[in-house]
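To start, the structure under review is shown below, and the notes come after it.
The values are calculated or read from the model by the stated rules, or taken from the named source; none is laboratory data. Just so it is clear, the model here is predicted, and its values are computed rather than measured. Positions of Cβ are generated from backbone atoms using ideal geometry, with glycine treated the same way; all protein chains shown enter the neighbour counts.
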Amino acid sequence: MDVFLAEPRGFCAGVIRAVSIVRNTLAQYGAPVYVRHEIVHNKHVIAELEKAGAVFIEDLNEIQDLNRPVIFSAHGVPLSVTEEAKRRGLTVIDATCPLVSRVHQQIRKYADRKLPVIVIGKAGHPEIIGTAGQLPDGYPLRIISSKAEAEALDFSADKEIGMVTQTTLSVDDTAEITAYLQKRFPKLVAMKAGDICYATTNRQKAVKALAQKIDTIIIIGSANSSNSRQLKETALKAGAAEALLIDDAGDLDWKKLENCAKLGISAGASAPEYLVEGLLDNLRRHYDKIKIHKLIIAEEKVSFKI
């Protein structure tokens, strides 16, 4: 079998920073350390950190010892959560991805100008909850995830409107929605560099390149990971006949590979590289010979300070 590895894949700078923050906090304060929401969406990472003493919660009311630190996840939190933590006197360590924080800053700038705001993203996703939560209750804000929802917006076309997006969306789908919004709302205001992060963009480009030459692609990542799910969808839309999203090699349905001579592999931004290595080890046990090829579309040198 010829195996093509997409590069870049796996951990992005924001995930590396967030996971390092949890580990450093445990080293400094000892266990337990509370983490509001999963630090990143990957069940293996969460299990490792739980074993080390991290306690994952969804609400600050779940904190049993107010003297223990609490970490905000990479997805960010609403301002109401930050204010509640202050009221409780909690030691807060913020692991919000800097690229998500940039979106938060932008949406607050819109609010300072009293602009109505459109958020492109998945309602209910923690990142969108945090982003929308930068604005007060009742603020003129609409969350959309499709062109149909964009068409149903009730904002005036002759006024300035602010727009931000979730950082882990499909690049192509978001571009289509944005193009429509720009046509319908000539005074639309958006971030010049765009909101979708470099890691999401690069991983989707690499998977597109795989799909153009390979029928079967495996994406390693958890089902609740937005960027991992988008990689699977990107592969299918780019021409792959089969795209499998698995947490690890143990989830693989080997029947799907019975007639597969070429296999593409990538991993979501919250999936550690050892899961890719585990899959390759399993492939070596199943096949007489596998030949590894690298498909490189970008070299990532981004890092975020802790």
Quick check on my filter: what residues within the range 79-91 are under 21 Å from R108 (Cβ atoms), surrounded by fewer than 17 Cβ atoms within 10 Å (Cβ to Cβ) and in contact with a helix residue (DSSP H, G or I) (Cβ under 7 Å, 6 or more places away or on another chain)?
E84
Restricted to the range 77-122, and to residues that are part of a loop (DSSP other than H, G, I, E, B) and within 25 Å of the chain's Cα centre (by Cα), which residue is farthest from I177 (Cα to Cα)?
A95
Selected residue (only one of D195, D281 is assigned to a loop (DSSP other than H, G, I, E, B) and either assigned by TED's automatic domain parsing to the domain that holds K147 or out of contact with any His (no Cβ under 7 Å at 6 or more places or on another chain) (or both)):
D195
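To keep it simple, each residue is scored yes or no on (1) over 30 Å from A240 (Cβ atoms); (2) assigned by TED's automatic domain parsing to the domain that holds T131; (3) crowded, with 18+ Cβ neighbours inside 10 Å.
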site: L26; (1), (2), (3): yes, no, yes
site: R36; (1), (2), (3): yes, no, yes
site: V40; (1), (2), (3): no, no, yes
site: G53; (1), (2), (3): yes, no, no
site: E58; (1), (2), (3): yes, no, no
site: N61; (1), (2), (3): yes, no, no
site: L66; (1), (2), (3): yes, no, no
site: A74; (1), (2), (3): no, no, yes
site: V77; (1), (2), (3): yes, no, yes
Please work out if K256 is assigned to a helix (DSSP H, G or I) and modelled with pLDDT under 95.
yes
Within the range 262-270, can one find any residue that is free of Cβ contacts under 8 Å to residues at least 40 places away in the same chain and more than 24 Å from the chain's Cα centre (by Cα)?
no
Any chance you could count how many residues in the range 120-135 are touching a residue at least 24 places away in the same chain (Cβ under 8 Å) and touching a helix residue (DSSP H, G or I) at 6+ places or on another chain (Cβ under 9 Å)?
11
Of all the residues that make up the range 198-233, how many are touching a Lys or Arg at 6+ places or on another chain (Cβ under 8 Å), under 16 Å from D173 (Cα atoms) and either hydroxyl-bearing (S, T, Y) or part of a loop (DSSP other than H, G, I, E, B) (or both)?
1
Checked V117, V100 against criteria (touching a helix residue (DSSP H, G or I) at 6+ places or on another chain (Cβ under 8 Å), among the β-branched types (V, I, T) and under 30 Å from I306 (Cβ atoms)); the one match is V100
What do you reckon, is L263 in a helix (DSSP H, G or I), hydrophobic (A, V, I, L, M, F, W, C), in the same structural domain as S226 (by TED's automatic domain parsing) and surrounded by 15 or more Cβ atoms within 10 Å (Cβ to Cβ)?
no
What number of residues within the range 43-76 satisfy the criterion of being in contact with a strand residue (DSSP E or B) (Cβ under 9 Å, 6 or more places away or on another chain), part of a loop (DSSP other than H, G, I, E, B) and under 29 Å from I107 (Cβ atoms)?
6
